[in-house]
Every structure is written in C-alpha cells, then in structure tokens.
1. Within the bounds of the range 203-213, is there any residue that is part of a helix (DSSP H, G or I), at pLDDT below 85, surrounded by fewer than 16 Cβ atoms within 10 Å (Cβ to Cβ) and not small (Gly, Ala, Ser)?
2. What are the residue pairs meeting all of these: first residue in the range 66-89, first residue among the hydrophobic types (A, V, I, L, M, F, W, C), second residue at pLDDT 95 or above and in a helix (DSSP H, G or I), Cβ atoms under 6 Å, and 6 or more apart or on different chains?
3. Against the definition (more than 22 Å from ALA74 (Cβ to Cβ), surrounded by 13 or more Cβ atoms within 10 Å (Cβ to Cβ), of a type in the set (Ser, Thr, Tyr) and free of Cβ contacts under 8 Å to residues at least 40 places away in the same chain), how does SER175 come out, yes or no?
4. Against the definition (modelled with pLDDT under 90 and over 15 Å from LYS70 (Cα atoms)), how does SER183 come out, yes or no?
5. Can you tell me how many residues in the range 110-141 are of a type in the set (D, E, K, R) and modelled with pLDDT under 90?
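The values are calculated or read from the model by the stated rules, or taken from the named source; none is laboratory data. The structure presented is a predicted model; accordingly, all values stated were derived computationally and were not measured. Note that we place each Cβ from the backbone using ideal geometry, even for glycine, and neighbour counts take in every protein chain shown.
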Amino acid sequence: MRDIGQLYRLTQFAGTSKLRLVDAVAPAHSKQYAAEWSTHMPVVNLDAAAGHLGVGHQRIVVVGSTGSGKTTLARYLARRLDLSHVELDALHWDPNWTPAATPIFRARTAAALGGTAWIVDGNYGKVRDIVLARADTVIWLDYSLTVILWRLTRRTFRRVITRVELWNGNRERFSEQFFSRDSIFLWALTTYRRRRRDYPALFVQPEYAHLIVVHLRSPRGARRFLAAVADST
C-alpha cells in the first residue's frame, strides 16, 4: 500500500509549479522532522524520482554533509547520464589550500555551469544562488551522523595514506585533519545539524519552486535510487 500511496500523491502533484520532494525509502530521523517536510512537500517513489533524470532533467546539484559521498554519487551519475561533472571544491580551492576570492569563485562557478546539461556537487553558500537558479534537480544526501563520520574516516585515511592530489596540488595531511582547528571532522560536526535544519527551509523558498528535490536518507536508499536510474536510462 505504501507504493500505491506514493504514486497517488505524485499523480495529484504532477503538473504543478511547486517544488517536489522525492522521498527515498527510509523514514525521517524524527517525528518533528517528518512533520515539517510533509507539511510542504509530497512523497513519490524511487522509480518516479529516477525517471525524472531520464526525461530532460539534466542540471543536477548534489548536496549533503561533508563526507556523505556527494562527489562519488555525482561522478556515477555523470557517467551514467553522459553529463559534465563539476566539483565546487575544485573551483574554490587554489594551491596551498588558499580559498579563491568570492568574486573569482562566483565567476568560475557561473562559467562552469554555463552549459545545458551538467551535474555539480558541493554546499558553498557563496555560490548557492547561482547553482540553484540554474539547476532543475537537487539530490540531498541526508544521512545519519554515524554514517557521515564513518565515511569521512575512511576517506581521510585513504587520502592521507595514498597522498592523492585533490585540487590544484592540494593534499590532505594527517595532523591537519585530526589535530587542528581546520579538521574536516570538526567541520562535519559543527555543520551537520545546521545543514539538516537549513535545507528544508531553503528548498521551500519561492525562488526555488522550480526544483525537484531527491531526498536520500540512507546509503541503502541511494543505492536503490541509482539502480532505478540505471534501469530507466
């Protein structure tokens, strides 16, 4: 009955100009959180969500907490849907971990998203207006803090051990990531709750009513969503 209810709500909602929430399997993390979302947005099933990406919705933004897997998911969809992939981190970080000046960062972002079809990942507020205004779909990786920290730990150790170059010659160092004020773990902890609070409020703003929001609440839901995308393309 759950799928029938989801499809019924999609049918009722289809054709309107308001934003759509695509709820991907797992229940919300709290009753209050679920109530806030259901007040504004309907729920549709995974197949319907994946189908949107195969019928012309090809300007996609992937957002989520640090370490959630935004770039990995974006790369997969870029290959699957034959889209150009843009990492906002690559546009933001100059050599020696120097952040680009805001006007330069905004100009780079606008240029990178000048095409008709692309997928971009990142959470930068400095360019959010540019990114969301040009996008037609947002994929929000809204995982639990436990999942985030576990993924972030694995990623950080892999980057430190392999000394992989990230952007513009930058590499992560063990001491900086674990024992400094610039620790990626500290950043994840201090921004996690804020992002989960701010994104729902952001997505219901009138200027973003054109967006389809794919809300993935667990890695299992993300895997099912990607499988549905593969089946629909």
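1. The answer is no, given that none of the residues of the range 203-213 is part of a helix (DSSP H, G or I), at pLDDT below 85, surrounded by fewer than 16 Cβ atoms within 10 Å (Cβ to Cβ) and not small (Gly, Ala, Ser).
2. Short answer, once both residue conditions are applied: VAL86/ALA112.
3. Taking the combined requirement at face value, the residue does not satisfy it.
4. yes
5. Final tally of qualifying residues: 1.
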